[in-house]
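Student: Submitted below is the structure of interest, expressed as structure tokens.
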Protein chains: 2
Amino acid sequence: MSKRVTAKEIAEELGISMMTVSRALNNRPNVKEETRKKVIETAARMGYSPNHVARSLVKQKTETLGVVVPKITHSFFPEVIRGIEEISYSSGYHLILTHSAEDFEQEKDALQTLESKRVDGILISTAQTVEDYDIYERLAKLGVPMVFFDRCVFNIGVSCVTVDDERGARRMTRHLIEHGYQRIAHISGPSRVSIGRYRLSGYRKELEEHGLPYDESLVVEAGFQEEDGYEAMKRLLALPDTRRPDAVFAVNDASAFGAIKAIKEANFRIPDDIAIGGFTDDIRAELLEVPLTTIRQPAYEIGKKAAQQVIELIEGKSNTVNEIIVQTELVIRRSCGCDVESQSPLLSESSAVGAK
Amino acid sequence: MSKRVTAKEIAEELGISMMTVSRALNNRPNVKEETRKKVIETAARMGYSPNHVARSLVKQKTETLGVVVPKITHSFFPEVIRGIEEISYSSGYHLILTHSAEDFEQEKDALQTLESKRVDGILISTAQTVEDYDIYERLAKLGVPMVFFDRCVFNIGVSCVTVDDERGARRMTRHLIEHGYQRIAHISGPSRVSIGRYRLSGYRKELEEHGLPYDESLVVEAGFQEEDGYEAMKRLLALPDTRRPDAVFAVNDASAFGAIKAIKEANFRIPDDIAIGGFTDDIRAELLEVPLTTIRQPAYEIGKKAAQQVIELIEGKSNTVNEIIVQTELVIRRSCGCDVESQSPLLSESSAVGAK
DNA sequence: TTGTACGCGTTATCAA
DNA sequence: TTGATAACGCGTACAA
């Protein structure tokens, strides 16, 4: 550890008290302008850097937010983080980023460290292996400002920012039904995770509304990763010809990517033999050989809203438990076999940076 | 701020001293096993969470690394962060993630906060508008363990983990030359940034080695973003027919994406009219309508190595200034007009999660 | 094996 | 307008 200049040393240098230095440096009233100037100048000359650790200890505030993501993937979470970062930066908070790698034990670990580091608030999207809610409840009861995003836990008094998963799933399912598909399969997410449950329930409700049977053999519970979708699709493809799905709704785009891989390996064509729809609108979705029809989740927005929520909690501007629902959008591409005039998928305005 | 249980309170509860509590909780020797058990049990019961802030203050160590990235984009930096996270997690460090949004002022800001927060080490990739190196030098002189990754500043006594940019650029340029292209343009990065300079110099040296003229009108300095590549390409396309390039080497994939967009808008074909090569191997590169030939930078590796470097510095296992060069790889796809049997680009094993 | 006194670097409080 | 003193919660050093 390098030797650091302290406020005390500045005080000694100038023959004044520590408190005056502190006041001057923090732009507090009751300091003679002349003194303030001298202090600031001396501090700069001596290379003073205020010790935030000491400050946090006495102020009981770290100006830091803890973020827990299940995965630092390529598309959704980085975008969410960007949203979080933008809001928190402008409010003077910094981010401790942790990731659970979809593992509940690591997540608990991360949460405990964040607690020990006394972050002012926590933003979290649960791991897919979440087992119980004790730790969230404990933190919530302790009064640690906390907000879930994307993957939430409800009814434990914690706010949440997410999309209307059930509605999005219904929208996708309806879209497939309206295009004449009869045997629509669903590669679902883990039922432990909110978005897994809600998307499944949306799928199911929409089938019912259209008088289609809910066929359990067409629903495979899997994880959120590409390989999970791949394995699940293989199981669906192993069904006898007459029972094989003519369309598949995957819980998210990653899962859909895996499913597509399995479908191609089995020499079926998309969408002719099997249509497919995803959820997320990953940046890769529109670039696939057969661009993927999907439900767009505004990741950046979700991040911003979630950050706004915790900050409001922290600063006491609000203490209600909110469920913020961000709207999704059905993005129709070729994988569902619909007649959209498919423009060249290369870098549409909507994705990435729209060069104008 | 919620009321927190302190070590002192545990001590009072048990009628022992704070120190015994501290020793018991930190698995230090010289505590009767029975006492230790009681302490641990009581701590759990009372919901004790050690205050890391206080601990950091006395130990002069925060167990935290500061990370500064210019952008939280979709591909390269998230992968680097994943690598950093993996190593630091296993060594007990947590990450404060800041981003400069490619803006030098924000970067300085971030660096100052990280300094104030007394992070144990800093990992940084410079913003494209970097102006001077004062702050890096100051931090380095102060003895703050610091490592650059990807975009480095050399000769100021700070370690760096990057790829051999010049060599990668030469490799790409040579590849284009060997395929008969004569007028190879370069959309370069900002000359202020190391990778901008080295890639340009690689391009230039390779041309020279092959006896090709270095034509200034074929070199356009731009930024690292998609729109920069787009604008730069438009300028190249505005050249008279005979002076127009037949191939373009873009400083990175994002820039190449923008260039491709401009080329298509001008109704030229890739690679027939104009071939193109990038640098990075963004996850989208292989998914383009005409998959992009590029130089692969092992982002995850870079992150891991960079994290290992700072941690070694922090723990005093090393105090030498290292320049770690990670190898790149030429990835040949269709955009350069070469005869590769182009397999379906959809989610090859190499990208994302290879479902097996 | 356990306890006491002090210090880490800052801010809050109250007195001057 | 300034300063002295006491926290903040923990670990170190030494004594018991």
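The values are calculated or read from the model by the stated rules, or taken from the named source; none is laboratory data. This structure is a prediction, so every number in the text was calculated from the model and none was measured. Every residue, glycine as well, gets a Cβ built from its backbone with ideal geometry; the counts of neighbours run over all protein chains shown.
Student: Which one of these does residue B:231 not meet: (1) assigned to a loop (DSSP other than H, G, I, E, B); (2) modelled with pLDDT of 95 or more?
Tutor: Result: residue B:231 fails condition (1) only.
Student: A further question follows. Out of (1) among the β-branched types (Val, Ile, Thr); (2) surrounded by 23 or more Cβ atoms within 10 Å (Cβ to Cβ); (3) touching a strand residue (DSSP E or B) at 6+ places or on another chain (Cβ under 8 Å); (4) facing chain B (nearest Cβ under 7 Å), the odd one out for residue A:80 is which?
Tutor: The single condition residue A:80 does not satisfy is (4).
Student: Applying the selection to segment A:281-335, what residues are part of a helix (DSSP H, G or I), farther than 30 Å from residue A:61 by Cα and touching a helix residue (DSSP H, G or I) at 6+ places or on another chain (Cβ under 7 Å)?
Tutor: If the condition is that a residue be part of a helix (DSSP H, G or I), farther than 30 Å from residue A:61 by Cα and touching a helix residue (DSSP H, G or I) at 6+ places or on another chain (Cβ under 7 Å), then A:285, A:287 are the ones that fit.
Student: Restricting to segment A:260-272, give me the number of residues that are assigned to a loop (DSSP other than H, G, I, E, B) and in contact (Cβ under 8 Å) with a residue 12 or more places away in the chain.
Tutor: 5
Student: Which of the residues spanning segment B:1-54 are aliphatic (A, V, I, L, M), more than 12 Å from DNA strand C (Cβ to nearest atom) and in a helix (DSSP H, G or I)?
Tutor: Across segment B:1-54, the qualifying residues are B:25, B:40, B:43, B:44, B:46.
Student: Given A:17, A:125, A:75, which one is closer than 19 Å to residue B:97 by Cα and more than 14 Å from chain B (Cβ to nearest Cβ)?
Tutor: The match here is A:125.
Student: Would you check if residue A:65 is touching a Leu at 6+ places or on another chain (Cβ under 7 Å) and more than 12 Å from DNA strand D (Cβ to nearest atom)?
Tutor: It is true that residue A:65 is touching a Leu at 6+ places or on another chain (Cβ under 7 Å) and more than 12 Å from DNA strand D (Cβ to nearest atom).
Student: Look at segment A:109-119 and say how many of its residues are more than 7 Å from chain B (Cβ to nearest Cβ) and either within 18 Å of residue B:80 (Cα to Cα) or touching a Ser or Thr at 6+ places or on another chain (Cβ under 6 Å) (or both).
Tutor: Matching residues across segment A:109-119 total 2.
Residue-by-condition table, conditions (1) within 20 Å of the chain's Cα centre (by Cα); (2) buried (at least 21 other Cβ atoms within 10 Å of the Cβ); (3) under 18 Å from residue B:77 (Cβ atoms):
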site	(1), (2), (3)
B:297	yes, yes, yes
B:301	yes, no, yes
B:306	yes, yes, yes
B:312	yes, no, no
B:315	no, no, no
B:319	no, no, no
B:327	yes, no, no
B:330	yes, no, no
B:335	no, yes, no
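Student: Can I ask one more? What pairs come out if I take residues in segment B:282-297 that are facing chain A (nearest Cβ under 10 Å) and pair them with residues that are part of a strand (DSSP E or B) whose C-beta lies under 7 Å away, six or more apart or interchain?
Tutor: B:285/B:294
Student: Going through segment A:232-259 one residue at a time, which ones are among the hydrophobic types (A, V, I, L, M, F, W, C) and over 22 Å from residue A:178 (Cβ atoms)?
Tutor: Residues satisfying the conditions are A:232, A:233, A:237, A:238, A:239, A:254, A:257.
Student: When the residues of segment A:24-47 are narrowed to those that are touching a residue at least 12 places away in the same chain (Cβ under 8 Å) and near DNA strand D (Cβ under 8 Å from one of its atoms), which ends up farthest from the other protein chains (Cβ to nearest Cβ)?
Tutor: Only one residue tops the list, namely A:35.
Student: Within segment A:114-135, which residues are assigned to a helix (DSSP H, G or I) and crowded, with 23+ Cβ neighbours inside 10 Å?
Tutor: Correct list: A:114 only.
Student: Testing residue B:61 on (1) part of a helix (DSSP H, G or I); (2) among the basic types (Lys, Arg); (3) over 22 Å from residue A:138 (Cβ atoms), one condition comes back false. Which one is that?
Tutor: Checking residue B:61 against (1) part of a helix (DSSP H, G or I); (2) among the basic types (Lys, Arg); (3) over 22 Å from residue A:138 (Cβ atoms), the one that fails is (1).
Student: Do you know which of the residues in segment B:1-26 that are over 29 Å from residue A:140 (Cα atoms) and among the polar types (S, T, N, Q) is farthest from the chain's Cα centre (by Cα)?
Tutor: Going through the qualifying residues, I end up with B:17.
Student: Collect the residues in segment B:89-108 that are closer than 21 Å to residue A:99 by Cβ, within 10 Å of chain A (Cβ to nearest Cβ) and touching a residue at least 12 places away in the same chain (Cβ under 8 Å), keeping them in residue-number order.
Tutor: Scanning segment B:89-108 gives B:92, B:94, B:95, B:96, B:97, B:98, B:99.
Student: What's the number of the only condition in (1) at pLDDT below 95; (2) of a type in the set (Gly, Ala, Ser); (3) buried (at least 23 other Cβ atoms within 10 Å of the Cβ) that residue B:101 fails to meet?
Tutor: Only one criterion in (1) at pLDDT below 95; (2) of a type in the set (Gly, Ala, Ser); (3) buried (at least 23 other Cβ atoms within 10 Å of the Cβ) is unmet by residue B:101, namely (3).
Student: Residue B:74 - would you say it is within 23 Å of residue B:314 (Cβ to Cβ), within 18 Å of the chain's Cα centre (by Cα) and surrounded by 19 or more Cβ atoms within 10 Å (Cβ to Cβ)?
Tutor: It is false that residue B:74 is within 23 Å of residue B:314 (Cβ to Cβ), within 18 Å of the chain's Cα centre (by Cα) and surrounded by 19 or more Cβ atoms within 10 Å (Cβ to Cβ).
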